[in-house]
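The values are calculated or read from the model by the stated rules, or taken from the named source; none is laboratory data. Predicted model only: the values in this text are computed from it and were never measured. So basically every Cβ, Gly included, is an ideal-geometry build from the backbone, and we count neighbours across all protein chains shown. Accessible surface areas use protein heavy atoms only, side chains included; no ligands, DNA or RNA. Shrake-Rupley method; radii C 1.70, N 1.55, O 1.52, S 1.80 Å.
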Amino acid sequence: MNFNEYLVAYRWSVKRFSKETGVNEATVTKWKYQGAIPRKKEMLLIYNFTKGEVTPNDFYGIKK
């Protein structure tokens, strides 16, 4: 599941995800709408926060 799919499936807004994770809202927006690749530390945060539903491979379009 990619990052945008996760947000839609669980009804997370960019603002809410940003608030819950402590990541800047502009950064979360770039991940969702512009296809920006998170840094290693942010990838780990996303992976842990989503309980493994969004993986680093999802940002690169690599299928599981």
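Here is how the numbers come out for the structure above:
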| item | result |
| --- | --- |
| Neighbour cut-off at most 15 other Cβ (10 Å), DSSP loop, chymotrypsin sites (Phe, Trp or Tyr not before Pro), the chain | Y10 |
| Compactness index (Cα Rg / 2.2 N^0.38 Å), the chain | 0.98 |
| Portion, in percent, of the accessible area of the chain that falls on carbon or sulfur, probe 1.4 Å | 50 |
| Non-local Lys pairs in the chain, i.e. 8 or more apart or on different chains, that have alpha carbons under 24 Å apart | 28 |
| Heavy-atom surface of the chain, accessible at 1.4 Å and reported per residue (Å²) | 72 |
| Sequence-separation-based contact order of the chain, relative, with Cα cut under 8 Å and 6+ spacing, percent | 37 |
